[in-house]
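Okay, structure first, notes after.
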Amino acid sequence: IKDNRTLKCAYQKTCKAKPKTKKEELVLRIYNFILQIHVEKPWALSKEYRNLYSEFDLQVKFWGFVFETWFGENRNIILHWLKSVLATKCHLNDFLKAVRYLKESDITEVKFPIVQMMGLDAHLCVLRLDSKKSYVLEEVCAFPFPSATLHGIQSGGIENLINGLSNIESLLLDFERVYEESRYCQGDSMEKISRQAKSPKTFCCKDWATDVLLDEKEEEEESEEEEGSGEEEYEEEQENEEREA
């Protein structure tokens with residue numbers, strides 16, 4: 001892609017392309033989505049308009065389609081658009097409670113992916129246990145949403161984005177494999193009984209995990225919001241009673 005003319009040609013080709021596999025279809029849909037923005041409304045990605053968007057606006061307008069397209073058809077994957085680090089620690093703790101036969105030597109290799117959005121830049125990180133009671137957040141890679149200029153596409157921006165999604169998928173597949181292998185005792189139980197073999201040692205989650213502690217300020221804000229909503233409801237009830245009277 002060298003200019004706007006070749007950009008339009010590339011977009012038309014992707015619209016007519018017929019994917020051979022499901023994965024090719026997902027890749028093509030993301031290509032179409034990004035190229036359509038650059039062809040039909042490039043102003044939407046301009047710096048002037050980006051300054052008008054909130055972080056949530058950018059997630060809805062640009063990132064939402066990309067992630068829901070790539071992961072949305074997998075019933076085993078649920079995307080949560082929220083405070084990722086605290087939520088991920090909760091999920092990681094729940095995971096560790098479920099994998100009763102996880103080997104202690106494998107615990108530090110259990111990595112829960114987090115994608116942190118900062119404007120049009122996505123950062124893939126993993127949350128894992130480095131040692132007992134010690135959590136670490138490590139960055140794996142970063143990939144931007146191709147910018148309003150052609151340079152973002154010419155420099156391989158869409159390919160980098162697809163590679164970032166593939167990295168997330170690989171982490172999730174590894175996570176699923178560990179879960180399936182470690183939640184039940186591997187091996188033939190009848191054979192163990194006949195040999196009078198000892199059952200494998202179960203993993204003790206409480207020796208490794210720590211509880212999630214919310215920020216006191218956040219708790220105060222939540223309680224204030226609840227009190228405020230309660231006062232509003234009371235005032236509405238009083239007004240309704242006065243009108244009926």
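Of all residues in the stretch 119-135 being out of contact with any strand residue (DSSP E or B) (no Cβ under 7 Å at 6 or more places or on another chain) and in contact (Cβ under 8 Å) with a residue 24 or more places away in the chain, which is farthest from SER54 (Cα to Cα)?
The residue in question is LYS132.
Hey, could you check the stretch 155-187 for residues that are in a helix (DSSP H, G or I) and among the polar types (S, T, N, Q) and say which is farthest from GLN36 (Cα to Cα)?
Filtering first and then ranking leaves SER182.
Here is a list: GLU180, GLU139. Which entry is at pLDDT 90 or above and touching a His at 6+ places or on another chain (Cβ under 7 Å)?
On inspection, the qualifying residue turns out to be GLU139.
When you scan the stretch 119-136, how many residues do you find that are surrounded by fewer than 14 Cβ atoms within 10 Å (Cβ to Cβ), closer than 25 Å to LEU213 by Cβ and not small (Gly, Ala, Ser)?
4
Here's the yes/no breakdown for (1) touching a residue at least 60 places away in the same chain (Cβ under 8 Å); (2) in the same structural domain as SER147 (by TED's automatic domain parsing); (3) closer than 24 Å to TRP81 by Cβ:
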position: TYR11; (1), (2), (3): no, yes, no
position: LYS16; (1), (2), (3): no, yes, no
position: LEU28; (1), (2), (3): no, yes, no
position: TRP43; (1), (2), (3): yes, yes, no
position: TYR49; (1), (2), (3): no, yes, yes
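Are any of the residues in the stretch 119-131 in the same structural domain as LYS103 (by TED's automatic domain parsing), modelled with pLDDT of 95 or more and of a type in the set (Lys, Arg)?
Yes - at least one qualifying residue is present in the stretch 119-131.
Residues of the stretch 14-37 being closer than 15 Å to GLU68 by Cβ and not basic (Lys, Arg), which ones?
GLU25, LEU26, VAL27, ILE30, ASN32, PHE33, ILE34
Identify, please: which residue in the stretch 79-128 is of a type in the set (Val, Ile, Thr) and part of a loop (DSSP other than H, G, I, E, B) and is, among those, nearest to the chain's Cα centre (by Cα)?
The qualifying residue nearest to the chain's Cα centre (by Cα) is VAL110.
With VAL140, VAL99 as the choices, which residue is under 22 Å from ILE77 (Cβ atoms), surrounded by fewer than 19 Cβ atoms within 10 Å (Cβ to Cβ) and not basic (Lys, Arg)? Give the derivation first.
On the way: VAL99 fails: surrounded by fewer than 19 Cβ atoms within 10 Å (Cβ to Cβ).
Criteria check complete, one pass: VAL140.
Take GLY152 and decide whether it is modelled with pLDDT under 90, among the small types (Gly, Ala, Ser) and in a loop (DSSP other than H, G, I, E, B).
No, not satisfied.
Can you list the helices (runs of 4 or more DSSP H) lying wholly within the stretch 1-61 that have 3 or more residues being surrounded by 15 or more Cβ atoms within 10 Å (Cβ to Cβ) and polar (S, T, N, Q)?
Fully inside the stretch 1-61 and qualifying: nothing.
Which pairs have Cβ atoms under 7 Å, sit 6 or more apart or on different chains, and link a residue in the stretch 72-96 that is within 25 Å of ASP106 (Cα to Cα) to one that is part of a helix (DSSP H, G or I) and among the hydrophobic types (A, V, I, L, M, F, W, C)?
The qualifying pairs are ILE77/PHE71; ILE77/LEU172; LEU96/CYS205.
In the stretch 156-175, what residues are exposed (fewer than 14 other Cβ atoms within 10 Å of the Cβ) and among the small types (Gly, Ala, Ser)?
Hits for the stretch 156-175 are GLY156, SER166, SER170.
Examine the stretch 65-72 for a residue that is in the same structural domain as PHE145 (by TED's automatic domain parsing), under 21 Å from ASN163 (Cα atoms) and exposed (fewer than 15 other Cβ atoms within 10 Å of the Cβ), and state whether such a residue exists.
The answer is yes; a qualifying residue exists.
The values are calculated or read from the model by the stated rules, or taken from the named source; none is laboratory data. Owing to the predicted nature of the structure, the values given are computational and were not obtained by experimental measurement. All Cβ positions, even for glycine, are placed from backbone atoms using ideal geometry, and neighbour counts span all protein chains on display.
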